[in-house]
1. If I filter the stretch 284-302 for residues that are of a type in the set (Phe, Trp, Tyr), modelled with pLDDT of 80 or more and more than 30 Å from residue 234 (Cβ to Cβ), do I get at least one hit?
2. Does any residue of the stretch 171-179 turn out to be touching a strand residue (DSSP E or B) at 6+ places or on another chain (Cβ under 6 Å), charged (D, E, K, R), more than 20 Å from residue 295 (Cβ to Cβ) and surrounded by fewer than 19 Cβ atoms within 10 Å (Cβ to Cβ)?
3. Within the stretch 42-69, count every residue that is part of a loop (DSSP other than H, G, I, E, B) and either in contact with an Asp or Glu (Cβ under 6 Å, 6 or more places away or on another chain) or of a type outside the set (Gly, Ala, Ser) (or both).
4. Taking residue 34, is it of a type in the set (Phe, Trp, Tyr), assigned to a helix (DSSP H, G or I) and out of contact with any His (no Cβ under 9 Å at 6 or more places or on another chain)?
5. For the stretch 285-328, enumerate the residues that are part of a strand (DSSP E or B), β-branched (Val, Ile, Thr) and surrounded by 14 or more Cβ atoms within 10 Å (Cβ to Cβ).
6. Is it the case that residue 39 is modelled with pLDDT of 85 or more, under 22 Å from residue 18 (Cβ atoms) and not in a loop (DSSP other than H, G, I, E, B)?
7. Could you check how many residues of the stretch 120-134 are modelled with pLDDT under 80 and polar (S, T, N, Q)?
8. Looking at the structure I just gave you, is residue 262 assigned to a strand (DSSP E or B) and either closer than 30 Å to residue 198 by Cα or in contact (Cβ under 8 Å) with a residue 12 or more places away in the chain (or both)?
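The values are calculated or read from the model by the stated rules, or taken from the named source; none is laboratory data. Keep in mind that what you see is a predicted model, and the values were worked out from it rather than measured. Here the Cβ is made from the backbone with ideal geometry for all residues, glycine too, and neighbour counts use every protein chain on show.
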Amino acid sequence: MTAPSSGQQHQYACSSCGAALEFQPGTSSMKCPYCGATVAITTSADSTKHDYVAYANVPHALVSTLPAFTVSCRNCGSPNTTTAVAGRCQSCRGAIVVTDDCGGELKSPDGIVPFAVDQKAASAAFGTWSSSRWFAPNALKKVRTTDSMRGGYLPHWGFDDKTTTDYSGERGEHYYTTETYTENGQTRTRQVQHTAWYPASGRVSRDFVDVLAPGITTPDAETLEKLGPWSTAGATGYESEYLAGYDVPRYSVMAEAGFGYAKHEMQQVIEGDCRSDIGGDEQRVHSMTTYDVDLLFRLLLLPLWFATYVFSGKTYAVYVNANTGKVIGDRPWSWIKITLAALAALVVIGIGVYAYQQGHRSSG
């Protein structure tokens, strides 16, 4: 195992009481959790973007092979060994930004989307979510707080790309003919739709900004897609003060894999552009050749509240998008309620069938 390295740590002491300051969501300030003193964060307007082609042409070590960091808490003196970019002291729970080094050639995140939803609002969103779950046990609706509600940032890759795409396909145009048929001994006519196909080709252009790709594997990509989207319009440059008091893992998905994910997202949009350009009533896209210009990328940290709650001895996870307040999570099911609902549905169906049969007999 590779030996831990010495990390570059940040701890921001309160000038009034000496405790570790923490970022205050919804503001651009740090706040002391004990005496309430605040300190403004000097925020840069934008973040750095890198040339992706130049980056991709150089081999990179997997972040998972890089050593952990060892830092000494300035509050209590305890040593901490971790791979996280930020978190809390394992002894005194004081806020520590462990390092600016995210691994590999990226020495720090390039931008941060600060929290817009504070912990109180996140807990309220969880309460609304839990009380609106169909087929959930009644006791779950009484859960208004969580056993643990913690804030963190999720590493994501953001890609900019100015694309031009040459395509080939077909344009379908509808036309109608009259068809004669017999029904119940009577001759009838109806209009039948047909499609005539014509070759089509052309070129479309689309500029993309911050197409996001997960930089981690937990939560999984499917959960993150449901939890999104995040808006990166309010992203700042990298100021470590925004991380104080929050969990920030190193990224584990390399930029190359992130670009593959983002490219798939872009291709879906581009195919829609091709279909719009083809026109007609229907479209077939046979081929697309896309050219990338000014391909840039950056490592962004996106805000998230995450929590666990215990129900009937089992732990469930819930996530709150701290940019929008959207809630995604696991929940228990009440099989009693599901069974009763199924039985009720069968009763309704049975009553309907009985009523139909009685009406049919009366008319007979």
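1. Initially, the stretch 284-302 is screened for residues of a type in the set (Phe, Trp, Tyr), giving 291, 297.
If we keep only those that are modelled with pLDDT of 80 or more as well, we get 291, 297.
Filter once more, keeping what is more than 30 Å from residue 234 (Cβ to Cβ): 291.
The answer is yes; a qualifying residue exists.
2. The answer is yes, given that some residue of the stretch 171-179 is touching a strand residue (DSSP E or B) at 6+ places or on another chain (Cβ under 6 Å), charged (D, E, K, R), more than 20 Å from residue 295 (Cβ to Cβ) and surrounded by fewer than 19 Cβ atoms within 10 Å (Cβ to Cβ).
3. Start the filter on the stretch 42-69 by keeping residues that are part of a loop (DSSP other than H, G, I, E, B), which leaves 42-49, 57-62, 66-68.
From what is left, the residues that are either in contact with an Asp or Glu (Cβ under 6 Å, 6 or more places away or on another chain) or of a type outside the set (Gly, Ala, Ser) (or both) are 42-43, 46-49, 57-60, 62, 66-67.
The qualifying residues number 13.
4. Values: of a type in the set (Phe, Trp, Tyr): yes; assigned to a helix (DSSP H, G or I): no; out of contact with any His (no Cβ under 9 Å at 6 or more places or on another chain): yes.
So residue 34 fails the test.
5. Listed by number, the residues that qualify are 285, 290, 308, 318, 320, 327, 328.
6. It is true that residue 39 is modelled with pLDDT of 85 or more, under 22 Å from residue 18 (Cβ atoms) and not in a loop (DSSP other than H, G, I, E, B).
7. The total comes to 3.
8. When the stated conditions are applied, residue 262 does not pass them.
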